[in-house]
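As structure tokens, the structure follows; a few thoughts come after it.
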Amino acid sequence: MTFDFDTPHPRLGTDSQKWQKYAGRDILPLWVADMDFKSSPAIIAALHERVDQGIFGYARPVKATVDAVVNAMQARYGWQIDGSWVVWLPGLVCGLNVTAQAFAQAGDEVLTLTPVYPPFMTAPKNSARISAQVSFVLNAGRWEIDWAVLEAAVTPRAKLFYLCNPHNPLARVWRREELVRLGEFCVRHNLVLCSDEIHCDLILDPTLPHIPSAALSPEIAARTLTLMAPSKTYNVPGLGTSFAIISDPALRAQFVRATAGIVAEVTALGFTACEAAYRDSEEWRQALLTTLRGNRDFLLDFIARELPGVKVEAPVEATYLAWLNVKELGLPDPIAHFEKHGVGLSEGAFFGAPKSHYVRINFGCTRATLTEAPKRMKAAIAAK
Ligand SMILES: Cc1ncc(COP(=O)(O)O)c(C=O)c1O
């Protein structure tokens, strides 16, 4: 079967957050992490069928939905989970916030590595916990963990570690030895490990496996909760369907207690989409990955040839997001400058990087958009 990732679907004038931001202005939005592609045909068909039922009462996950998740973990990652380990959530940002409340007290510290997806830094603060941040270091074209600095950052108030696996915005796939070292670090310091794996089905480098943090060893699994969702991969973030996988019963009970009465339930349409995503959309996902690999190569090639002063410092191994060093451009506000020339990017400062040094670009779009936007960036650089 062939799938269409080329036809532009006009999103201007729709409820799209990504496109609404620039309504009335000629700015191509390459910021928030959703794609301009339709979801898989299997998801769309399943949703049609569910809508046709016409009854939208309170929903509960049925066995087939849970089985779809369990089987995908086994087939893709060799990770044997039990359906009872799955805790449904309306979003993973919600999951990060619940985690901070469940496993740390006010004034406790939540460690993370920066630059990182902004809620990793803001979630602890939302409930008076403290975000403790350690910067990645760039070594020979590879973003790495500065283990000495990380060790030194641990205080008696550190209770939790937030890991982004694979990493947004660095597009990095963590290798087994790095994950084992991180897991052992958490064991040694008695930290709960919260592993956000929302981008795990979007590995672009076929030689690199995704390794769930909780699959490393029983000892690491006992302190790990894994956050996942079909939202990024299948382009259904607007359906608010995510889940935590927590094997340890006590850890799971503590997490569930923190959700009580506050966290909304997943909707009927969300469950439907989730089941069709994990069970019936593998061929589509593989075609998507081929498209994203092509987009990545096209973009990186254009940047290398045509965008002086813009650097991609490390391989883009996963996600549809690339982290661009724009420091050499010498722009005090690169986002404003690129917007003035018709391209909407994400600001590095939101991820914990210096504002004038980094921007993030989303290449989960049609080739037409990905041809036009970098041309506009070239004009923006020429006009500075
Ligand atoms: C690492 C990571 N976690 C969570 C999310 C968002 O999750 P949700 O929309 O389910 O809250 C994103 C979105 O970009 C993300 O990159």
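A short reminder: the numbers here are calculations on the coordinates, not readings from a lab. This structure is a prediction, so every number in the text was calculated from the model and none was measured. A quick note on method: Cβ atoms are made from the backbone with ideal geometry, for glycine too, and the neighbour counts reach across all protein chains shown.
Only helical runs count toward this figure. For the chain, summing -39,500 (n - 2.57) over DSSP H runs of n ≥ 4 and dividing by all residues gives -12000 deg cm²/dmol at 222 nm.
How would segment 139-229 be classified by its alpha-carbon gyration tensor: rounded, prolate or oblate, with rounded meaning a/c under 1.5 and the a/b versus b/c comparison settling the rest? It is oblate, given that a/c is not under 1.5 and a/b is not larger than b/c. Working note: Karplus 6.51/-1.76/1.60 with θ = phi - 60° gives segment 360-377 the couplings 10, 10, 9, 9, x, 9, 5, 5, 4, 5, 6, 8, 6, 4, x, 4, 5, 5 Hz, where Gly and Pro are set to x. Each other residue within a Cβ distance under 13 Å of L89 adds +1 if Lys or Arg and -1 if Asp or Glu, for a net charge of -1.
Neighbours of V110 by Cβ distance under 12 Å: Lys/Arg scored +1, Asp/Glu scored -1, total +2. A cut-off of 5 Å between modelled amide H atoms, ignoring neighbours fewer than 5 places along the same chain, links V192 with L160, F161.
3J(HN,Hα) along segment 143-154, derived from phi through the Karplus expression 6.51 cos²θ - 1.76 cosθ + 1.60 where θ = phi - 60°, amounts to 6, 10, 7, 8, 4, 5, 5, 4, 4, 5, 7, 6 Hz, with x in place of Gly and Pro.
Straight-line cross-link partners of K375 among the lysines, defined as a Cα under 26 Å from its Cα and at least 8 positions apart when in the same chain: K18, K21, K38, K311, K327, K340, K355, K384. Using the Cβ of A123 as centre and a radius below 11 Å, the other residues enclosed give a net charge of +1, where K and R count +1 and D and E count -1. Along the chain, counting only chymotrypsin sites (Phe, Trp or Tyr not before Pro) with a DSSP assignment other than H, G, I, E or B and at most 11 other Cβ atoms inside a 10 Å radius, the longest segment between sites is 59-384.
Bridge orientation summary for segment 98-218: considering DSSP beta bridges with both residues in this region, about 20 percent are antiparallel. Working note: Karplus 6.51/-1.76/1.60 with θ = phi - 60° gives segment 276-281 the couplings 5, 5, 6, 9, 10, 10 Hz, where Gly and Pro are set to x.
In whole angstrom, segment 44-280 maps to an equivalent ellipsoid with semi-axes of 30, 20, 16, each derived as √(5λ) from the alpha carbon gyration tensor and ordered largest first.
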